[in-house]
Amino acid sequence: MAGPNAPDSVLAGSGTKIAIRDAAVKLFGAKGFEQTSLREVADAVGITKASLYYHYPSKLDLLLAIIDPIIDHLRSVIEDIDAVPYNAEGVRAVLRGYLRGLIRHRDAGALCVRDAVAIVNAMADRYPDLRDSNKVLREWLAGPNPTDESRVRACAALEVLGVALISTELVPGADDSLLESTLLDSATCVLTACGTA
């Protein structure tokens, strides 16, 4: 078991469940989901494997605790999307809401980007929720009576926002407000073809 001076350890306390999740995000991100054992996660937190199992009965349960907030956020973005007017303000508000969730969950999101195949395979039952919610968002962003071009632009705008997930690796010094304003402006520009002749 890791001692109190172990590098990169997450110490347990009143927030043991959160400490386990945080340690798992670090380890899954560094080593990969499939290559990381629950013993390593328990050691990083400074608890026994039995204690870890008390909080998360399986590695899949731990992964879902990391991924579910991202899926829940995306579902909240599209929940009442049809009531949002499709105009410049409405589009920007939807993009902003989606982006803020990516920024808030970027530690887990970066893990998903780096280890996508293993994550998708592990969360097979939840993947349709993610895929279907993303499709609803893309279709709404493409606008009423979408063309192929508007569909491509909707996909591209979401990809631009996805940079938030790996922003700490790409631009470690960028704070949340800079990230939000820059990516929001960029995604809006992609959708509206600003700057084109």
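The values are calculated or read from the model by the stated rules, or taken from the named source; none is laboratory data. These figures come from a predicted structure and were not determined experimentally. In this analysis, Cβ positions are derived from the backbone assuming ideal geometry, glycine residues included, and neighbour counts consider all displayed protein chains. All accessible areas refer to the heavy atoms of the entire protein, side chains included, with ligands and DNA or RNA removed. Shrake-Rupley method; radii C 1.70, N 1.55, O 1.52, S 1.80 Å.
Filtering Leu165, Leu161, Leu141 for residues that are under 30 Å from Ala23 (Cβ atoms) and either in contact with a Ser or Thr (Cβ under 9 Å, 6 or more places away or on another chain) or not in a helix (DSSP H, G or I) (or both) leaves a single hit, Leu161.
Rundown of residues vs (1) surrounded by 13 or more Cβ atoms within 10 Å (Cβ to Cβ); (2) of a type in the set (A, V, I, L, M), yes/no style:
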site: Leu137; (1), (2): yes, yes
site: Ala142; (1), (2): yes, yes
site: Asp148; (1), (2): no, no
site: Arg151; (1), (2): yes, no
site: Gly162; (1), (2): yes, no
site: Ser167; (1), (2): yes, no
site: Leu178; (1), (2): no, yes
site: Leu191; (1), (2): yes, yes
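Reported count of residues in the range 32-42, each being touching a residue at least 24 places away in the same chain (Cβ under 8 Å) and either open to solvent by 30 Å² or more (accessible area, probe 1.4 Å) or of a type in the set (Gly, Ala, Ser) (or both), is 3. All conditions but one from (1) under 25 Å from Asp132 (Cβ atoms); (2) open to solvent by less than 70 Å² (accessible area, probe 1.4 Å); (3) at pLDDT 90 or above; (4) aliphatic (A, V, I, L, M) apply to Val45; the one that does not is (1). When Val91 is tested against (1) touching a helix residue (DSSP H, G or I) at 6+ places or on another chain (Cβ under 6 Å); (2) more than 30 Å from Gly32 (Cα to Cα); (3) buried (at least 18 other Cβ atoms within 10 Å of the Cβ), exactly one condition is not met: (1).
Taking the conditions (1) part of a helix (DSSP H, G or I); (2) within 19 Å of Ile67 (Cβ to Cβ); (3) not aromatic (Phe, Trp, Tyr) in turn, Leu95 satisfies each one other than (2). Candidates Leu74, Leu130, Leu111: the one that is of a type in the set (A, V, I, L, M, F, W, C), in contact with a Leu (Cβ under 8 Å, 6 or more places away or on another chain), open to solvent by less than 20 Å² (accessible area, probe 1.4 Å) and in contact (Cβ under 8 Å) with a residue 24 or more places away in the chain is Leu74.
Where residues in the range 180-189 are in contact with a helix residue (DSSP H, G or I) (Cβ under 8 Å, 6 or more places away or on another chain) and not hydroxyl-bearing (Ser, Thr, Tyr), which of them is most open to solvent (accessible area, probe 1.4 Å)?
So the residue we want is Glu180.
Take the conditions closer than 25 Å to Asp61 by Cα, outside any helix (DSSP H, G or I) and of a type in the set (Gly, Ala, Ser) and apply them to Ala124. Does it pass? Here the answer is yes, as Ala124 does meet what is asked.
For the range 130-168, the tally of residues that are touching a helix residue (DSSP H, G or I) at 6+ places or on another chain (Cβ under 6 Å) and within 21 Å of Ala83 (Cβ to Cβ) stands at 11.
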